[in-house]
Amino acid sequence: MATEALEQGLETLKARIGQPSEPTDWFEMTQDRINTFADATLDHQWIHVEPERAEAGPFGAPIAHGQLTMSLMSFLPGSEDIGLPDLPGMKLGINYGWNKVRFPAPVPVGARIRTRGEILSVEPKGGMIEVVNQLTVEVEGQAKPACVGESVLRLAF
């Protein structure tokens, strides 16, 4: 049964290679979320957590940590299908790592972000399916994305 589900999952995912997903719902980046992330990671750089000083700084406002943006992009509301369809028999997905991540533009406090996905590659690996999914975080009203990364997932059946 698990082998059959894995094979069906492999076929389904291969058919989705190169097809952009629908975007997630918009999500507001708040100062409170940034402060909480700063506390969790010990990164209290002023461009993130000192609003008055940050307004006079290079971005004109406090901005989210790049790592915070990256951490959220797979879990925004409506992200159930950012590249990965429903796969019957899948037991779990594991974050295996990242091939490449870039932060082309900042996410200012109050900005709304969303994510789009696009499967780049799919292959069987160690009894699982490895999926490389390019995730792009868009910022409402900005031409440049805030984050583009190649997420590597392992799916167990």
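Could you work out the local net charge near G89, counting Lys and Arg as +1, Asp and Glu as -1, over the other residues with Cβ closer than 11 Å to its Cβ?
Working: positive: K91; negative: E4, E7, D86.
That works out to -2.
Sorted from largest to smallest, which semi-axis lengths in Å does the alpha carbon gyration tensor of region 63-117 give for its equivalent ellipsoid, taking the root of 5 times each eigenvalue? Spell out each step's value before the answer.
Details: eigenvalues 123, 38, 16 Å².
In descending order, the three semi-axes are 25, 14, 9 Å.
Please work out whether region 92-145 counts as rounded, prolate or oblate from its C-alpha gyration tensor, where a ≥ b ≥ c are the square roots of the eigenvalues and a/c under 1.5 means rounded, while otherwise a/b larger than b/c means prolate and anything else oblate?
Values: a/c = 2.97, a/b = 2.79, b/c = 1.06.
Here region 92-145 falls in the prolate category.
Modelling each spin label as a point 7 Å along the Cα-to-Cβ direction, I'd like the A2/E55 distance in nm, to one decimal.
Result for the modelled spin labels: 5.7 nm.
So what's the angle, to the nearest 10 degrees on a 0 to 90 scale, between helix 2-15 and the longest Cα principal axis of the chain?
For helix 2-15, the angle is close to 60 degrees.
Quick check: residue separation of L92 and A40 times 0.36 nm, minus the Cα distance between them. What number comes out in nm? Numbers along the way, then the final one.
On the way: separation 52, 0.36 × 52 = 18.72 nm, distance 2.63 nm.
16.1 nm is the gain from fully extending L92 to A40.
Given the C-alpha centroids of region 22-39 and region 110-127, what is the distance between them in whole angstrom?
About 19 Å separates the Cα centre of region 22-39 from the one of region 110-127.
Order of 31-43, 136-148 by packing, highest average Cβ count within 10 Å first?
Numbers: 31-43: 13.7, 136-148: 17.7.
Averaged packing, sorted descending, gives the order 136-148, 31-43.
Translational D (Stokes-Einstein, µm²/s) of region 1-74 at 20 °C and 1.002 mPa s when Rh comes from the Kirkwood sum over C-alpha pairs? Numbers along the way, then the final one.
Working: Rh = 15.4 Å.
The Stokes-Einstein estimate is 139 µm²/s.
Mind giving me the nanometre distance, one decimal, between the label points for E123 and E28, set 7 Å out from Cα along Cα→Cβ?
Computed distance between label sites E123 and E28 equals 4.5 nm.
For the chain, go through all pairs of different Cα atoms, get the mean of 1/r, take its inverse, and jot down that Kirkwood value in Å. Spell out each step's value before the answer.
On the way: mean 1/r = 0.0601 Å⁻¹.
Evaluated over the chain, this radius sits at 16.6 Å.
Given the DSSP H assignment, sum -39500 (n - 2.57) over each helix run of at least 4 residues in the chain and divide by its residue total; what's the result at 222 nm in deg cm²/dmol, nearest 500? Provide the component values of the computation, followed by the final result.
Details: 5 runs with 41 residues, N = 157.
The helix contribution divided over the chain gives -7000 deg cm²/dmol.
FYI, it's all coordinate maths here, none of it is from the lab. These figures come from a predicted structure and were not determined experimentally. Cβ coordinates were reconstructed from backbone atoms using ideal geometry, including for glycine residues, and neighbour counts include every protein chain displayed.
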